[in-house]
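Comments concern the structure below.
The values are calculated or read from the model by the stated rules, or taken from the named source; none is laboratory data. Treat the numbers as computed from the prediction; the structure is a model and nothing was measured. Cβ coordinates were reconstructed from backbone atoms using ideal geometry, including for glycine residues, and neighbour counts include every protein chain displayed.
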Amino acid sequence: MLDRRSLIAGGAVLAAGAAITGCATAQTPGAAPATWTPRPLPFDPKSIPGLSEKLLVSHHDNNYAGAVKRLGDIESQLRQTDFSTAPGFLINGLKREELMALNSMILHEVYFSCLGKGGSKPGADLARQIETDFGSHDRWRSEFIGMGKALGGGSGWVLLAWSARMGRLINQWASDHTLTAADGGVLVALDMYEHAYHIDYGAKAADYVNAYMGALDWTVADKSFAARQKS
């Protein structure tokens, strides 16, 4: 069952998710709607230090896969809706839920793409941009970790994103399903909803943040950042 904690933050991040991991299923404009299918975990769930196989599989199979299914169900409802006669509250509700499920799907895909065996560093171009925009990698890391721990006991996301309008990287705070930078290209995503850590860490959200940072893999973030600089 997908509850409110499964519907994750992330306004206007479709392009980011596509660049990083691809959406669950692409759709062609004007074509018959495709079936949304969850993407498999991009790693062996036994291999991530600090995060158990049980936690990762539950997170993927229940929260992420639930959001993907929910998106398909909502789109089915939208296709059956007569927008010329439907009441405003129905249109608003369906479109709001569509955005929430879409962002949940995309940000979970980014989140899983960032996990690995740890020990990696950002590539030269991304590392240089982090130093330019934050002063140093350590300063970025301290801010990112601090934001994650500040969300402990609540819910939301911490996102490292590229803002084309600002012309820089930003650490994006998001406590709601739609509160993200409108042009934010998400490179790194830290899920701070309880489903992401409670099985392993209970209420010790800070320990989970430390474990996530220890498992952080920059490979996909590097590729996404490079692609954005060329566009």
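Residues that are in the same structural domain as Met213 (by TED's automatic domain parsing) and under 20 Å from Asp191 (Cα atoms) do occur in the stretch 126-141, at least one of them.
In this entry, Val188 passes the filter for residues that are in a strand (DSSP E or B), within 27 Å of Lys46 (Cβ to Cβ) and not assigned by TED's automatic domain parsing to the domain that holds Lys54. Within the stretch 48-81, if we keep just the residues that are basic (Lys, Arg) and within 25 Å of Leu115 (Cβ to Cβ), the residue that is surrounded by the most Cβ atoms within 10 Å (Cβ to Cβ) turns out to be Arg70. On the given criteria, is Arg165 assigned to a loop (DSSP other than H, G, I, E, B) and more than 27 Å from Ser52 (Cα to Cα)? Yes: the conditions hold for Arg165. Being more than 18 Å from Ala205 (Cβ to Cβ), surrounded by fewer than 18 Cβ atoms within 10 Å (Cβ to Cβ), assigned by TED's automatic domain parsing to the domain that holds His59 and touching a residue at least 12 places away in the same chain (Cβ under 8 Å) holds for only one residue in Glu98, Glu109, and it is Glu98.
The single condition from (1) modelled with pLDDT of 95 or more; (2) within 17 Å of the chain's Cα centre (by Cα) that Ala101 fails is (1). Restricted to the stretch 2-79, the set of helices (runs of 4 or more DSSP H) holding at least 1 residues that are modelled with pLDDT of 50 or more comprises 53-58, 65-79.
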